[in-house]
Amino acid sequence: MKKPDNPMRVLFLILPLLLLPLAADTPWSNWGFSLGATRTEGDLTIDRVTSPSGAEFEVTHRLDLQSGDIDRINQMQAIFGKWSLIKLRGVAYMVDGVKVDASLTPESIVYSNTDFKDKLPAGIAFSYIGALAFDFRLLQSNMFVRIQGVYNGEEALLKKLDEAAANPLLYVRKNDANYFGDRLTRLENEMMEMVVEMRSNNLAAHAALLAELEATRRGAFAYALSASPKAYDAKLIAGVLAARKADPKLPLKDIAEKLRKDGVKASDKEIALVLALWFNDK
């Protein structure tokens, strides 16, 4: 009769097998990181990771992470960790194929006697595909200015923010000539989708979209006239809008005459520009 296996011997044989999945699921340790809690949302896995310096961040991925993914995250963490003027409150990564995106939530960004934190409502976005690049929006004078480029140091990035905040229209003219046209097209398409899909019952989203569309139109108006956003008489825009809404077929010369009687100075170019931006008149 065969002698039964020693229970302790069976345990020692099984134990290494139980530990193998853990070793396979925690490649972070090769870079000195510690894997904490992991959760799933649909087909996405979200890891909570702690760096050797104690900084915590999240990594979202659909497929199993490869060593190259973690190496890119390690390089990005090293760069963010060396910043002296950009203080971060949180970092979240998204791994999608060979691309790694990073969403940064700033605690403070003090440069040139200005804290830019509140001017970055969506934070700072970086991506890594062969090189580290940034692409995010700065809010200044009711304008959303696109800040993008290849990362070349903290100081260079902060200078871009400072330049955009000091003169957003000039910055857009130098760096993103298609900004207003692309943005107006996107906002108008979103407004149409909201109406078609009957999502206008979401009053907050509808109001926010209208406010952004209005701010972009006014920014485009000032940009076309090479003026600052506050350099023109707001009564001009209000007068043209009121006249056209009162009579959708009112021609430009009659609008100009009505403005003149109301004491508002406006050139034909300015009136035509308002009609083009707000009513798509050609």
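The values are calculated or read from the model by the stated rules, or taken from the named source; none is laboratory data. Note that the structure is a prediction, hence the values are computed from the model and not measured. Heads up, the Cβs are rebuilt from the backbone with ideal geometry, glycines too, and the neighbour counts pull from every protein chain shown. The area values use the complete protein model at the heavy-atom level, side chains included, leaving out ligands, DNA and RNA. Shrake-Rupley method; radii C 1.70, N 1.55, O 1.52, S 1.80 Å.
Just one of the numbered conditions (1) modelled with pLDDT under 70; (2) out of contact with any Lys or Arg (no Cβ under 9 Å at 6 or more places or on another chain); (3) at negative phi is not true of M198: (3). In this structure, does Y93 turn out to be hydroxyl-bearing (S, T, Y) and open to solvent by less than 20 Å² (accessible area, probe 1.4 Å)? Judged against the criteria, Y93 is a match. When A156, A224 are checked against the criterion of being modelled with pLDDT of 70 or more, open to solvent by 40 Å² or more (accessible area, probe 1.4 Å) and of a type in the set (G, A, S), a single residue qualifies: A156. Scan the range 245-267 for residues that are open to solvent by 100 Å² or more (accessible area, probe 1.4 Å), over 14 Å from K235 (Cβ atoms) and part of a helix (DSSP H, G or I) and jot them down. Hits for the range 245-267 are K245, K253. In this structure, does R244 turn out to be in contact with a Phe, Trp or Tyr (Cβ under 8 Å, 6 or more places away or on another chain), at pLDDT 75 or above and over 30 Å from N167 (Cβ atoms)? So R244 fits the description; yes.
Checking the structure you have, find out if any residue of the range 80-88 is out of contact with any strand residue (DSSP E or B) (no Cβ under 6 Å at 6 or more places or on another chain), part of a helix (DSSP H, G or I) and polar (S, T, N, Q). Among the residues of the range 80-88, not one is out of contact with any strand residue (DSSP E or B) (no Cβ under 6 Å at 6 or more places or on another chain), part of a helix (DSSP H, G or I) and polar (S, T, N, Q), which makes the answer no. Pairs are defined by a Cβ separation below 7 Å, a sequence spacing of at least 6 or placement on different chains, a first member in the range 89-114 that is touching a residue at least 40 places away in the same chain (Cβ under 8 Å), and a second member that is open to solvent by less than 30 Å² (accessible area, probe 1.4 Å); the pairs so defined are I109/I86; I109/F116; Y111/L158; Y111/L161; T114/A165.
For the range 63-82, the tally of residues that are closer than 20 Å to K117 by Cα and either open to solvent by 40 Å² or more (accessible area, probe 1.4 Å) or more than 20 Å from the chain's Cα centre (by Cα) (or both) stands at 3.
Please state which one of T40, T60 is exposed (fewer than 12 other Cβ atoms within 10 Å of the Cβ) and either part of a strand (DSSP E or B) or at pLDDT 95 or above (or both). Even if it seems obvious, please write down each step before you answer.
Numbers: T60 fails: exposed (fewer than 12 other Cβ atoms within 10 Å of the Cβ).
One residue alone meets the criteria, T40.
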